[in-house]
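The structure appears below as structure tokens.
The values are calculated or read from the model by the stated rules, or taken from the named source; none is laboratory data. All of these numbers come straight from a predicted model, not from anything done at the bench. Note that we place each Cβ from the backbone using ideal geometry, even for glycine, and neighbour counts take in every protein chain shown.
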Amino acid sequence: MGLLLTCRQSYVDILTLIYTHKVFLISDISTLLTFSLSLPINHMNNIRSLHLTVEISGYGEFLPHHTMSNLPSSYRNLFPFLPPSGVSVDGSKKMYPYTWLAVCATLARMEGLRRLWIDIQFNYNPLSKLCDKPPEDLIFQPLMSIARVRVAGQLGELDVFKVLVNWKAGDTAWEEKGIPFVLKRELAVKRLPATAQIEFHFA
């Protein structure tokens, strides 16, 4: 019995070490949600460092049609505090929260998170009738809520909170608004993984 307890404790200690000392690289926002909601909460709260890459085309993930409708109801029901999109996306007249809002709410509630990097890549199509940059309010306002929720919940501020985007600044000077993250703009478009994936690197 003592051996079993020792082995179990070793198992828990090793898992804690893995989640604490690795940088989680996630290349899709839906993957982040399914990963966070399928992982035991204590493991999720042990994650210290996370790098999220988001790829959008046109308005992509930030248009009303990109909601949590593609996720199981058991996942959607975990975000009753988020406002619905106000747009029916499946003909059922049901309205679902925006995926991006759910992602930011998830990041805000990760108790052990201390270092967060978010790389948002906008793939502009010059032949498209859409604008040459995404609507920054829809992207940055939810990111600002991460800091507010963490402070209100006494989780503490992030030691590192950096956001990298690949488009020029719009009319709203976000860099001058006292935002709680470091915003950097690099116009070169990076090549992203072809499929959603999760990788782990030692911090």
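In the range 17-27, the count of residues that are within 27 Å of Pro135 (Cα to Cα), surrounded by fewer than 16 Cβ atoms within 10 Å (Cβ to Cβ) and at pLDDT below 85 is zero.
Does Leu52 qualify as being at pLDDT 85 or above, touching a strand residue (DSSP E or B) at 6+ places or on another chain (Cβ under 9 Å), buried (at least 19 other Cβ atoms within 10 Å of the Cβ) and assigned to a helix (DSSP H, G or I)? Judged against the criteria, Leu52 is not a match. Looking at the range 84-203, what strands (runs of 3 or more DSSP E) fall wholly within it and have at least 2 residues that are touching a strand residue (DSSP E or B) at 6+ places or on another chain (Cβ under 9 Å) and modelled with pLDDT under 85? The qualifying strands (runs of 3 or more DSSP E) are 115-123, 198-202. Within the range 115-144, residues that are small (Gly, Ala, Ser) sit with their Cβ atoms under 8 Å from residues that are at pLDDT below 85 and outside any strand (DSSP E or B), at 6+ positions apart or across chains, in these pairs: Ser128/Gly58.
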